[in-house]
Amino acid sequence: MKKKVIVVTGAAGFIGSHLCESLYNDGFEIVGIDNLITGRLENLASLLGSPGFKFIQIDVSEPVRSVERGAWSVEREAEVVAVVHLASPASPKDYLAHPIETLRTGSFGTYYALELARSSSARFLLASTSEVYGDPLKHPQDESYWGNVNPIGPRSVYDESKRFAEALTMAYHRKYRVDTKIARIFNTYGPRMRLEDGRALPNFFSQSLKNEPISIYGDGKQTRSFCYIDDMVQGLLKLLWSGENEPINLGNPEEVSILQLASEIKELSLSSSEFKFLPPAEDDPSKRRPDISRAEKVLGWKPTVTRTVGLARTMEYFKSIIR
Ligand code: NAD
Ligand code: UDP
């Protein structure tokens, strides 16, 4: 019998490493691909060296090595059942530091990942993002909203690369009938976020635990809705194995202002930090909250981990890595 293999790009990242662990525990063989631009091998510590888990360090946007199946080291006797395409710098600090790489990964990388799925007759899942809605004029955001994106602003390298990736994914579905899925992932948090990735949560924990000033960009009234990693992994798995081909929002609809989030983290950390108000980030979305009705209806999924529980678990992780 052929081995059932799942190829995961971005495997050494925050979401990728958690997803690889879940898929591996479900009995699949995994080929994890990553160029480590923002990921870390230590995220895969529980899997590296395990039978049926293979890690390949390559850039998915590189043509020759990526498009050719052999180069991705998928053995001939293996049956690739799914390609999960998570590779992409994801935090604003990362994609602003790597603008061209981000665009290349969303375009060329998505193309090569889709080609692998097509040539293997495998299903395909794209990790898209709530950023496709830009600074939304509709609130909360449902999947029918086309978004409000500045196509030439600094964030466009990420937003437009994901919008292109969605368009390419739908084209492969329509033209080649590839069984594609698009997850529009909203802000996700938990253990293995990089302390220095510049996002609100790692910054607030790092600053609070060190009793340093907590950086608030703008007035802190902008909102986000934070989903704990375990819930996100469950949502991604349900979507992957579903019959759905249209984009689906995955996120926790509990909305919070950034100032409120910072206060909660400060309190949880028993910190004496003060808030330091800094200029707002350019094109920063003023509000964001997923409408997850479709995920609830189509996938039977909704988040179960409250922010209180999720933040406490995440704090334990950050405490363990702050020396
Ligand atoms: P991450 O930076 O931790 O993981 C991304 C991984 O992709 C990293 O390991 C990185 O090294 C790898 N990578 C990037 N470009 C690559 C390339 N060209 N070739 C090979 N590997 C490459 O980020 P994350 O938070 O785990 O995000 C994973 C995916 O989910 C991304 O596609 C991101 O856009 C999407 N997403 C994440 C969030 C979130 O809140 N974390 C929200 C929306 C969407
Ligand atoms: N933010 C902040 N201080 C920080 C980091 C982020 O006030 O140290 C704000 C940021 O401007 C944004 C929100 O927190 O309004 C969420 O930012 P993050 O980078 O976590 O995610 P994204 O902007 O991608 O949703």
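The values are calculated or read from the model by the stated rules, or taken from the named source; none is laboratory data. All figures in this text were calculated on a predicted structure; none of them were measured in a lab. Virtual Cβ from ideal backbone geometry, glycine too; neighbours counted across all protein chains shown. Remember, those area values only see protein heavy atoms, side chains included, never the ligands or the DNA or RNA. Shrake-Rupley method; radii C 1.70, N 1.55, O 1.52, S 1.80 Å.
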Mind checking whether some residue in region 271-289 is charged (D, E, K, R), without any contact (Cβ under 8 Å) to a residue 40 or more places away in the chain and either open to solvent by 10 Å² or more (accessible area, probe 1.4 Å) or within 19 Å of residue 127 (Cα to Cα) (or both)?
no
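Is region 307-321 home to any residue that is in a loop (DSSP other than H, G, I, E, B), open to solvent by less than 70 Å² (accessible area, probe 1.4 Å) and more than 10 Å from ligand 2 (Cβ to nearest atom)?
Applying the first criterion (in a loop (DSSP other than H, G, I, E, B)) to region 307-321 yields none.
No, there is no match, as no residue in region 307-321 is in a loop (DSSP other than H, G, I, E, B), open to solvent by less than 70 Å² (accessible area, probe 1.4 Å) and more than 10 Å from ligand 2 (Cβ to nearest atom).
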Go through the residues of region 157-169 one by one and say whether even a single one is at pLDDT 95 or above, touching a strand residue (DSSP E or B) at 6+ places or on another chain (Cβ under 7 Å), farther than 30 Å from residue 265 by Cα and not in a helix (DSSP H, G or I).
no
Within region 148-162, restricting to residues that are in contact with a helix residue (DSSP H, G or I) (Cβ under 8 Å, 6 or more places away or on another chain) and more than 20 Å from residue 91 (Cβ to Cβ), the one that is least open to solvent (accessible area, probe 1.4 Å) is 148
Can you name the number of the only condition in (1) in a strand (DSSP E or B); (2) modelled with pLDDT under 95; (3) surrounded by 20 or more Cβ atoms within 10 Å (Cβ to Cβ) that residue 60 fails?
(1)
Reported set for region 228-260 where residues are within 14 Å of the chain's Cα centre (by Cα) and open to solvent by 30 Å² or more (accessible area, probe 1.4 Å) is 230, 234
The residue that is farthest from the chain's Cα centre (by Cα), considering only those in region 17-35 that are more than 16 Å from ligand 1 (Cβ to nearest atom) and assigned to a helix (DSSP H, G or I), is 25
Taking region 179-208, which residues are open to solvent by 10 Å² or more (accessible area, probe 1.4 Å), within 13 Å of ligand 2 (Cβ to nearest atom) and part of a loop (DSSP other than H, G, I, E, B)?
187, 194, 195, 196, 198, 199
